[in-house]
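Presented below is the structure to which this report refers.
The values are calculated or read from the model by the stated rules, or taken from the named source; none is laboratory data. Please read all numbers here as calculations on a predicted model, not as lab measurements. Using ideal geometry, Cβ is built from the backbone for each residue, glycine included, and neighbour counts are taken over all protein chains shown. Quick note on the areas: whole protein, heavy atoms, side chains included, nothing else; ligands and nucleic acids left out. Shrake-Rupley method; radii C 1.70, N 1.55, O 1.52, S 1.80 Å.
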Amino acid sequence: GGHLAGNLGVVELSVAIETVYNTEKDRLVFDVGHQSYVHKLLTGRQAGFDGLRQFGGISGFPKPAESVTDSFVAGHASSSVSIALGMARARTLLGEDYDVVALVGDGAATGGMIYEALNDLAVSREPMVVILNDNEMSISKSNGGLSRHLARVRTSQNYLHAKRWYRTILKKLPGGNGFYRFSSKVKNRLKRMILPGTLFENMGLTYLGPADGHDLPGIMALLRSAREMREPVLVHVITKKGCGYLPAQEDPTRFHGIGKFDPITGASLGAKVPTYSECFGNTLIELAEQDRRVCAITAAMSSGTGLTKFMKRFPQRTFDVGIAE
C-alpha cells in the first residue's frame, strides 16, 4: 500500500533526476513528500519497502535519518521552494558547490506560499531548478506546433550556448550591458506576441515546457539544460497519476493512499476497519444535524479528512480552501 498513484506518475521523472543530479551531494526537496517512493527505491532502500509506513519501517516521506540522499523532512505542502531557496542561499554564502532542485506536485502548486517563494527566487537570481509535476492539468498546456517547436528550440544546447556567448561578448563591449537589456526586452516582446506569456516568466523565472513527463530521454535533456543555465528555472512537466497500472489510472483517488491490495485485480485486501477520519466525519454529521452553525473546512483533501459524506450531506456548509494547510 501507501501513496501509489502519485509515485507511479513520477517514475521516469525520478529516474531522470537521479541520473542528472547526484542526490548524495545535491539537494532534492520534495513537495509533497509522498512523491519520494521511487527516489527511495533508487537510493538503496528497496529492501525496506516491506515495512513502509509501519513501526520500525521506512517512512512514507523523505527522512534524512534514513539516507543522506533525503535532504529535508517534507510532507505537506507548498513549502519546497522556500526550503530549497534557503539551501541555495546557504550554498552561496558558504562558497560550496552543489545543485538545488525542488520537485513540486500533487496539488502543492495551488498553495499561495509557493508563489511568494517563487517571487523571492526570481529576485534572488540563485541558480536553482523548480520542477512542476503537473498531473492534473492545473496549468494550461500550450497548443499548436509553433509553441512545441519554440519549446524545443529554447531548450536545445545550441540555443543555450549561443545565448551565453551573446551575453558574454556584449558585456565586454562599451555600453554592452545596456544593449543586452534592450535586446532582451525586444526578444521577450516578440515572444509574447507569438506565445501567451506565462505567469512564471512574468515573475522573472526562466520557464521550460510543458514537456511529457513520461519521456525519459526528453526529461533528462531538459533537466541538463535547466541545470546549465545557472539561474532560477522552472521546468513544467505533464504526468499522469497511476501511469502504467490500469486500476490506479482509472481510480487515482482511491490509489492516492491505499492499504494492502491485490496487484492483479486492484481489489483491497483485509478486513475493513473504520479509520479515525471516518469516525470523525460521521460524528461531525451528527453534530451538524443538531446545530446548523456547524461547518467543515478542508484543505483540498475531503476524502483524507473523512469529510466526503459531510460534503454530500451539507454542501453549503463545507468549504474546500485548497491546499492552504
Where the only charges are on Cβ atoms (+1 Lys, Arg; -1 Asp, Glu), what is the dipole of region 1-107 about its Cα centre, to the nearest 20 debye? 220
Name the residue from Gln316, Val294, Asn282 whose Cα lies farthest towards the positive end of the charge dipole of region 277-325, charges +1 on Cβ of Lys and Arg and -1 on Cβ of Asp and Glu. Gln316
Asserting the computed 222 nm helical MRE of the chain (DSSP H runs at least 4 long, -39500 (n - 2.57) per run, divided by residue count, to nearest 500) equals -13000 deg cm²/dmol
Give the accessible area for Asp120 in Å² (nearest 10); use a 1.4 Å probe, count only protein heavy atoms, and leave out ligands, DNA and RNA. 60
Just how large is the dipole of the chain about the Cα centre, in debye to the nearest 20, putting +1 at every Lys and Arg Cβ and -1 at every Asp and Glu Cβ? 1480
Report D for region 1-50 in µm² per second (integer): Stokes-Einstein, Kirkwood Rh on Cα pairs, 37 °C, 0.692 mPa s. 289
Nonlocal amide H pairs with Ile131, under 5 Å, H built at 1.01 Å: Ala102, Leu103, Val104, Val235
Would you work out if region 13-144 is rounded, prolate or oblate? Take a ≥ b ≥ c from the square roots of the eigenvalues of the alpha-carbon gyration tensor; rounded if a/c is under 1.5, else prolate when a/b is larger than b/c, oblate otherwise. oblate
R0 = 51 Å: FRET efficiency of Arg313 with Ala90, Cβ-based, nearest 0.05? 0.55
As straight-line cross-link partners of Lys185, the qualifying lysines (C-alpha separation under 21 Å, not fewer than 8 residues apart within one chain) are Lys163, Lys171, Lys172
Which sequence of Phe72, Phe30, Phe61 reflects their accessible areas, 1.4 Å probe, from the largest down? Phe72, Phe61, Phe30
What are the residues whose amide H is under 5 Å from the amide H of Cys243, where those residues sit 5 or more places off or on another chain and H is modelled from the backbone? Gly9
Per-residue HN-Hα couplings for region 291-306 [Karplus 6.51, -1.76, 1.60; θ = phi - 60°; Hz; x = Gly/Pro]: 9, 5, 7, 6, 10, 10, 10, 9, 9, 6, 8, 5, 5, x, 9, x
Derived scalar couplings ³J(HN,Hα) [region 26-37; Karplus, 6.51 cos²θ - 1.76 cosθ + 1.60; whole Hz; x for Gly, Pro]: 6, 9, 10, 10, 8, 7, 8, x, 6, 7, 9, 4
Please give the solvent-accessible surface of Ile264 in Å², to the nearest 10, using a probe radius of 1.4 Å with every protein chain present. 150
Counting only protein heavy atoms and rolling a 1.4 Å probe, one gets per residue an accessible area for the chain in Å² of 53
Might you report the magnitude of the Cβ-based charge dipole of region 167-325 about its Cα centre, with Lys and Arg at +1 and Asp and Glu at -1, to the nearest 20 debye? 1100
Not counting ligands, DNA or RNA, and with a 1.4 Å probe, what is Cys295's accessible surface area in Å² rounded to the nearest 10? 70
For the charge dipole of the chain, defined by +1 on Lys and Arg C-beta atoms and -1 on Asp and Glu C-beta atoms about the Cα centroid, which residue among Gly9, Leu246, Ser303 has the Cα displaced farthest towards the positive pole? Gly9
Tell me the carbon and sulfur percent of the accessible area for the chain, rounded to whole percent, probe radius 1.4 Å. 58
Heavy-atom accessible area ranking, 1.4 Å probe, most first, across Arg317, Arg45, Arg224, Arg292: Arg292, Arg224, Arg317, Arg45
Spelling it out for Phe261: with amide H atoms placed in the peptide plane at 1.01 Å from N, the residues 5 or more places away or on another chain with amide H under 5 Å from its amide H are Leu269
As a quick test, which of the pairs Lys40/Lys63; Lys25/Lys63; Lys241/Lys272; Lys240/Lys272 have an alpha carbon distance above 20 angstrom in this structure? Lys241/Lys272; Lys240/Lys272
Just report the Cα centroid separation between region 292-314 and region 211-237, whole Å. 38
Prolate/oblate/rounded call for region 185-325, Cα gyration tensor, a/c under 1.5 rounded: oblate
Could you check the spin-label model distance between Leu246 and Leu170? Points 7 Å from the Cα along Cα→Cβ, value in nm. 5.5
